[in-house]
């Protein structure tokens, strides 16, 4: 972790983020221009440069993130969006230039395009003032981002983009979990995955030990889970992981890994608040051990085998990373609920 007193190191990291991120965007735009000009090898070099500079910016930002709370980043982003909304008014005179396409014009940020983003940021920041996480009553469970102009839509998947005309499938889904991202956020090695899984059942048992029934079923709000429901969700998702691993292993072609219900709905009708916490912990321990035994059979090459979640390629390493980080996040949630209750 950075020494908070070392301002020179922090300034150097901020410069890397700023310069590298700027370079990455310019390289991508120049690569697109090179493609349109038929200079494909030049585009290749520019795209590779964008890849390396983007990762340099992300690595520096990761170090800075250890010293800055995510809510502060959200607040500063909101300030940037508001400021750019004003600055973009000065760009109006450029919109009629022949080289400015409709997509460029829209993604530069006509007021309606960015209004949804501003609304999401405003409600998220307000929610964080009194809650550990953003409540789904304040920001919808699902967000959809247009891959063409960046406009956001909350709730159900849109039929298309009302701002730039992008088609239905040209939207990126952002939900309360992820199995993998283009940026490889939170990536874990196989050894880390196993270690985290091995530690999780005992961690859960310790968190629930000695907690009375009233606190075990207490909810911060009607829409949120109690400690027992979160524990049951951990059990359900571990079982889902094992099913997905077996499905990939037994399939010749990449299989669909989507079940009839999304992971967060698997606990419905199971009545976890009425189940003894010791039984939930024991079920989680058994499912975790079964998952670890399956992982032990996965070779280094097999970690790259994949299936499809929501139509997107998802490797075994993505799934293992998802499960490990899922355990860490929900165990921390139970810890916070235990203190709050």
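The values are calculated or read from the model by the stated rules, or taken from the named source; none is laboratory data. Note that the coordinates shown come from a computational prediction; the quantities given were computed from them, not determined experimentally. Virtual Cβ from ideal backbone geometry, glycine too; neighbours counted across all protein chains shown.
Residue 140: surrounded by 14 or more Cβ atoms within 10 Å (Cβ to Cβ) and assigned to a helix (DSSP H, G or I), yes or no?
Against the criterion (surrounded by 14 or more Cβ atoms within 10 Å (Cβ to Cβ) and assigned to a helix (DSSP H, G or I)), residue 140 does not qualify.
Of the residues 285, 305, 310, 265, only one is closer than 14 Å to residue 208 by Cβ and outside the structural domain of residue 141 (by TED's automatic domain parsing); which?
From the options 285, 305, 310, 265, the qualifying one is 285.
For the stretch 291-303, which residues satisfy the criterion of being in a helix (DSSP H, G or I) and surrounded by 12 or more Cβ atoms within 10 Å (Cβ to Cβ)?
291, 292, 294, 295, 302, 303
Working only within the stretch 50-93, note down all residues that are at pLDDT 85 or above, surrounded by 15 or more Cβ atoms within 10 Å (Cβ to Cβ) and under 23 Å from residue 26 (Cβ atoms).
Those that are at pLDDT 85 or above, surrounded by 15 or more Cβ atoms within 10 Å (Cβ to Cβ) and under 23 Å from residue 26 (Cβ atoms): 50, 53, 54, 56, 57, 58, 60, 61, 64.
Looking at (1) surrounded by 14 or more Cβ atoms within 10 Å (Cβ to Cβ); (2) part of a loop (DSSP other than H, G, I, E, B), can you tell me which one residue 260 breaks?
(1)
Quick one: is residue 250 over 24 Å from residue 210 (Cβ atoms), without any contact (Cβ under 8 Å) to a residue 60 or more places away in the chain and under 21 Å from the mean Cα position of the chain (by Cα)?
no
Do you know which of the residues in the stretch 265-278 that are within 17 Å of residue 216 (Cα to Cα) and surrounded by 12 or more Cβ atoms within 10 Å (Cβ to Cβ) is nearest to the chain's Cα centre (by Cα)?
For the stretch 265-278, the residue satisfying everything is 267.
Which residues, taken from the stretch 143-168, are in contact (Cβ under 8 Å) with a residue 24 or more places away in the chain and not in a loop (DSSP other than H, G, I, E, B)?
143, 144, 145, 146, 152, 153, 154
Cβ contacts < 9 Å: first residue under 18 Å from residue 236 (Cβ atoms), restricted to the stretch 324-341; second residue modelled with pLDDT under 90 and assigned to a helix (DSSP H, G or I), any location; separation 6+ or different chain. Result?
Within 9 Å, the pairs are 326/263.
Quick check on this structure: which one of 308, 316, 267, 257 is over 23 Å from residue 202 (Cα atoms), touching a helix residue (DSSP H, G or I) at 6+ places or on another chain (Cβ under 8 Å) and modelled with pLDDT under 95?
257
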